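Okay, structure first, notes after.
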Amino acid sequence: MTHWDERYRSTAPEERSWTEDEPLESLALLDALGLEPDAGVVDVGGGASRLVDALLARGFVDLTVLDVAASALAEARDRIGEPGPAARVEWVVADVTTWSPTRTYGVWHDRAVFHFLTEPSSREDYVRVLLRATDVGSVAVLATFAPDGPQTCSGLPVERYDAEALAAAIGPRFALVRAERVVHTTPWGSTQPFTWVVLQRVD
């Protein structure tokens with residue numbers, strides 16, 4: 001069982017620092033893109049996030065949620081309802097750094113996966129998969145802890161980024177088109193500063 005499987009199995013949503021009742025920042029950034037409902041969206045590290053619920057409610061029809069923790073995806077499927085709306089989502093259990101996507105997406109969304117990649121080789125693998133999963137014109141929406149954010153999460157070390165450093169880590173084939181600083185409040189009231197970026201693939 002992976003670290004993340006154990007975390008999801010042993011905790012309730014309100015005991016997880018990353019829980020959001022509503023994924024407001026994700027939705028705001030996706031809304032700003034003016035996406036059509038048939039835009040292909042992959043939520044990398046989506047786990048039990050409620051983003052997929054919100055996108056289904058908005059009529060999106062091409063959704064993929066990827067997470068290393070099967071228990072997290074099962075929680076999301078059960079919450080949404082299967083059979084039912086959850087059947088319209090592709091659920092992928094995989095480590096994003098070793099995933100082999102079989103298609104490309106218009107939007108790659110990652111809230112708080114990339115900052116766990118503390119080794120350069122893991123970041124290189126991530127970018128390699130990102131490039132396989134996108135085309136020129138595709139957009140990547142990423143969030144990591146900001147430079148003054150936590151140094152660890154769930155017992156694991158993280159890398160912290162400002163917008164320019166995060167864009168540089170993804171590389172020159174993506175251009176930075178938007179950046180925001182957002183402070184997330186955990187279910188128990190502590191705060192975590194995040195850096196959010198929207199990157200568009202240009203090459």
For region 191-203, Karplus-derived ³J(HN,Hα) couplings (6.51, -1.76, 1.60; θ = phi - 60°; whole Hz; x for glycine and proline) come out as 10, 9, x, 10, 9, 10, 9, 10, 10, 10, 6, 10, 8
What three numbers, in Å, describe the spread of the alpha carbons of the chain along their principal axes, ordered from the longest? 41, 37, 30
What is the gain in length, in nm to one decimal, between Ser17 and Asp38 on full extension, counting 0.36 nm per residue of separation less the C-alpha to C-alpha distance? 4.4 nm
Taking θ = phi - 60°, what integer Hz values does the Karplus form 6.51 cos²θ - 1.76 cosθ + 1.60 yield along region 108-115, in sequence order, with x for Gly and Pro? 10, 10, 9, 9, 6, 9, 4, 6
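Averaging over all projection directions, find the projected area of the Cα convex hull of region 108-203 and quote it in nm² with one decimal place.
Details: hull surface 23.7 nm².
Averaging across all directions leaves 5.9 nm² for the Cα convex hull.
Which chymotrypsin sites (Phe, Trp or Tyr not before Pro) in region 42-104 pass both tests, a DSSP loop state and at most 10 other beta-carbon atoms within 10 Å?
On the way: sites: Phe60, Trp91, Trp99; in loops: Phe60, Trp99.
Sparse-neighbourhood loop chymotrypsin sites (Phe, Trp or Tyr not before Pro): none present.
Taking each pair of different alpha-carbon atoms in region 1-111 once, compute 1/r for the pair, average those values, and report the inverse of that mean as the Kirkwood hydrodynamic radius in Å to one decimal. Kindly include the intermediate steps, with their values, before the conclusion.
On the way: mean 1/r = 0.0700 Å⁻¹.
Across region 1-111, the inverse of the average 1/r is 14.3 Å.
Using +1 on the beta carbon of Lys and Arg, -1 on that of Asp and Glu, and nothing else charged, what's the dipole of region 3-201 about the Cα centre, debye to 20?
Working: 18 positive and 30 negative charges, 68 e Å.
Here the size comes out at about 320 debye.
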Karplus-derived HN-Hα couplings along region 166-175 (A = 6.51, B = -1.76, C = 1.60, θ = phi - 60°), whole Hz, x at Gly and Pro: 5, 4, 5, 5, 6, x, x, 7, 10, 9
Determine the distance separating the Cα centre of region 170-203 from the Cα centre of region 132-149; give it in Å without decimals. 7 Å
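Every number here is computed from the coordinates shown, using simple stated rules; none is lab data. Quick caveat: nothing in here was measured; it's all calculated off a predicted structure. Please note: Cβ atoms are built from the backbone with ideal geometry, for glycine as well, and neighbour counts cover all protein chains shown.
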